[in-house]
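The values are calculated or read from the model by the stated rules, or taken from the named source; none is laboratory data. It should be emphasised that the depicted structure is a prediction, and the values quoted were computed from it without experimental measurement. Cβ atoms come from the backbone with ideal geometry, glycine included; neighbour counts cover every protein chain shown.
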Amino acid sequence: MQQPIISTRQLRKIYIMGATQVNALQSVDIDINKNEYVALMGPSGSGKSTLMNLLGCLDSPSSGEYWLNGTNVSTMTDGDLAEVRNKEIGFVFQTFNLLPRLSALENVALPLVYAGFSKHDRLERAREVMAAVGLGDRVDHKPNELSGGQRQRVAIARALVNNPSIILADEPTGNLDTKTSQEIMGIFEEIHQQGNTIILVTHEADIALHAHRIVRLRDGLVETDTRNENIVSLLNPA
């Protein structure tokens, strides 16, 4: 039996706001295997963003354990977490988070600067992933010269450039129209087929239905964890 790429046990996150204690996450146990495609859903305040920040090593839990690729990252220092983030996780955000003064190619190559690649190797790898997301002819464009969908493709290419084991996407279609959203979800499906593990945070049911497993949170707890039978039955016909 394969070891999960992500495993949490009694994961909790408490925020102290003045005299108030907010239990953002309460004892969350979740296992995600390599090459799974999981959607995290839930209403505002359910804990899905807090869970995403913990899974993405952007924050540390108040208590509990988080194992990523066999390593206990729940007790790591901020510096160690940053290193794990850069090696293991590619992030895609709703707001794209591109640097406006850099070209699309330079934005995509940025994570490789921190990984210590030479400039030549950075740009060569960045060209590869830009071509893979259909933007081989837009490498020299600045973000403001691209459409919303193209900017999100640049952000996806940047997430892929380090060959991460996990892609974490936070409301990746939130700023896009329906047609562009479907195109972006098509890219995620291709990425998943190539072996990546994808964790998608969304409040939109039609977007979540692209995932093969849907985890719903409420009040900091896992409410339901179900397979998307529509997708699974299409992939594994009887």
Unique match (being over 22 Å from Pro143 (Cα atoms), surrounded by 16 or more Cβ atoms within 10 Å (Cβ to Cβ), polar (S, T, N, Q) and free of Cβ contacts under 8 Å to residues at least 40 places away in the same chain) among Asn35, Asn69, Asn53, Asn86: Asn53
The lone exception for Asp137 - which of (1) touching a Ser or Thr at 6+ places or on another chain (Cβ under 7 Å); (2) in a loop (DSSP other than H, G, I, E, B) it fails: (1)
Selection count where residues are part of a helix (DSSP H, G or I) and free of Cβ contacts under 8 Å to residues at least 60 places away in the same chain, scope segment 147-163: 7
Matching residues, segment 93-146, being free of Cβ contacts under 8 Å to residues at least 60 places away in the same chain and of a type in the set (Phe, Trp, Tyr): Tyr114, Phe117
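Of the residues Val154, Val133, Val201, only one is under 28 Å from Ser46 (Cβ atoms) and of a type outside the set (Gly, Ala, Ser); which?
Val201
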Residue check for Asp170: acidic (Asp, Glu) and either touching a Leu at 6+ places or on another chain (Cβ under 7 Å) or farther than 22 Å from Pro100 by Cα (or both): no
Scan of segment 174-214 for residues that are in contact (Cβ under 8 Å) with a residue 60 or more places away in the chain, among the polar types (S, T, N, Q) and touching an Asp or Glu at 6+ places or on another chain (Cβ under 9 Å), ordered by number: Thr197, Thr202
Filter result for Ile198 (farther than 20 Å from Ile30 by Cβ and in contact with a strand residue (DSSP E or B) (Cβ under 7 Å, 6 or more places away or on another chain)): no
Selected residue (criterion: farthest from Ala205 (Cα to Cα)) from residues of segment 175-191 that are surrounded by fewer than 17 Cβ atoms within 10 Å (Cβ to Cβ) and at pLDDT 90 or above: Glu190
Of all residues in segment 41-84 being assigned to a helix (DSSP H, G or I) and polar (S, T, N, Q), the one that is modelled with the lowest pLDDT: Ser49
Residue in segment 28-39 that is outside any strand (DSSP E or B) and among the small types (Gly, Ala, Ser) present: no
Given (1) crowded, with 18+ Cβ neighbours inside 10 Å; (2) over 19 Å from the mean Cα position of the chain (by Cα); (3) assigned to a strand (DSSP E or B); (4) not charged (D, E, K, R), number of the condition Thr8 does not satisfy: (2)
